[in-house]
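Have a look at the structure below, then the notes.
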Amino acid sequence: MNVRRFVERRKARWERFEQLLNGLQWSGGKGLSRADLDELGRLYRQAAADLAYARQQGADASVVEYLNALMGRAHGALYRARRGSVRNALRHFWYGFPDAVRRRAGYVWAAIGFTLLGALIPFLMILANPSIAQTLVDPQWRPVFEQWKSGQQRQPGETGMASIMSSFYFVNNSRVAMLAFGLGVFWAIPTVYLLITNGFLLGTLAGEMYHVGKLGFLLVSIYPHGVPELGAVFLCGGAGLMLGRAMIAPGDLTRSEAVRQVAPDAFLILAGSVVLIFIAAFIEAFFSFYAFPSWSKFLWGTVELVALLGYILGVRAPSSSGARR
């Protein structure tokens, strides 16, 4: 079949269907007229037929994926009871976030890979030549590095600045994560740069801490807040890479259509990342940098990691998870 002609003939219908579906999902149908709802039902049946036809004729995988995702969203929106817009939005987020992460896991793994690559290079360089560390770090970070190397921590109960610092951590980390996400539309180049430079900073710090015998102290100190914080960076980076791929290789769709195709998953991942950053800011300000026993920090971080992975891998919508496949 001529896939491009098929897409061109149907794309206006699909875009209208997606527009009505968005209105149904985010307003609970309150902004749709009776005629709109009737049209939505008709377009749903037509999109189902288009999906079956595309599969039968061996259409491009991106077209099938787009229609399959659209039908999955529509099934959940049309066949689930709608009881209040706030409750519906929370339910949509609760199930939609881990579902989106699972579908786009390859991009998240790529973001982790870029970060680890950025960290490994300076770490190995410092292991081979400790004196090179001074040239690898921007002077503005030197006081932070020296503070870490001193091993000093706040005493439990010294929380006078904790509220202010939690706000600072939240704003700063949100900025980094949102840049990694939003700049993905520029062919993912800035996203890759941010992931590598973030890893480079961590790898340099780890190399210096290794040479003063405090690498373990560093790891156990950042573990409690690092699970949600780095998790958010990886997720936002993955979403940015997803947007970048849509720009670089849109397939038989236009670039704007390819971006719209991945946008629902990308924004769900972004929303989940903001929640993780909020949690990380609170832990970083009130727990991580205090002189609590190392075992308690290790236990805290491990519980967080297990809970986060369990949520992402295990939570599935009861009615629509099967319909997406």
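Laboratory data are not the source of any read-out in this text; all were calculated from the coordinates shown. Treat the numbers as computed from the prediction; the structure is a model and nothing was measured. Every residue, glycine among them, receives a Cβ derived from its backbone with ideal geometry; neighbour counts consider all protein chains shown.
Within the same chain, aspartates and glutamates fewer than 8 places from Lys214 are excluded, and of the rest, those with a Cα less than 14 Å from its Cα are Glu146. Taking label positions 7 Å along the Cα-Cβ direction at both Phe93 and Glu15, the computed distance is 3.0 nm, reported to one decimal.
For Ile121 and Thr254 in the same chain, what is the full-extension length gain: residue separation times 0.36 nm, less their Cα-Cα distance, in nm? Don't skip to the answer; put the middle values down first.
Values: separation 133, 0.36 × 133 = 47.88 nm, distance 3.76 nm.
Taking 0.36 nm per residue and subtracting the Cα distance, the gain is 44.1 nm.
Inter-label distance, Leu299 to Val144: 3.0 nm, where each label sits 7 Å from its Cα along the C-beta direction.
So how much slack lies between Arg5 and Asp36, counting 0.36 nm per residue of separation and subtracting their Cα-Cα distance, in nm? Walk me through the numbers before you get to the answer.
Details: separation 31, 0.36 × 31 = 11.16 nm, distance 2.72 nm.
Between Arg5 and Asp36, full extension yields 8.4 nm more.
Per residue, the Cα convex hull of the chain amounts to 151 Å³. Sorted ascending by nearby beta carbons within 10 Å, beginning with the fewest, Met178, Met242, Met209 become Met178, Met209, Met242.
Remark: relative contact order (the chain) = 27 percent; criterion is Cα-Cα distance under 8 angstrom and separation of 6 or more residues. Separation of region 271-321 from region 129-159 is 25 Å, based on Cα centroids.
Screening the chain for DSSP H helices whose Cα atoms reach 20 Å or more along their own axis and whose mean Kyte hydropathy is at least 1.0 gives 105-128, 215-248, 255-283, 294-314. Taking other C-beta atoms within 10 Å as the exposure proxy, Leu136, Leu195 rank Leu136, Leu195 from fewest upward. Dipole check for region 3-79: with +1 at the C-beta of Lys and Arg, -1 at the C-beta of Asp and Glu, and the Cα centre as origin, the magnitude is about 160 Debye. Taking the centroid of alpha carbons for each part, region 87-117 and region 207-231 are 24 Å apart. In the chain, the calculated helix contribution to ellipticity at 222 nm averages -27000 deg cm²/dmol per residue, counting -39,500 (n - 2.57) for every DSSP H run with n ≥ 4.
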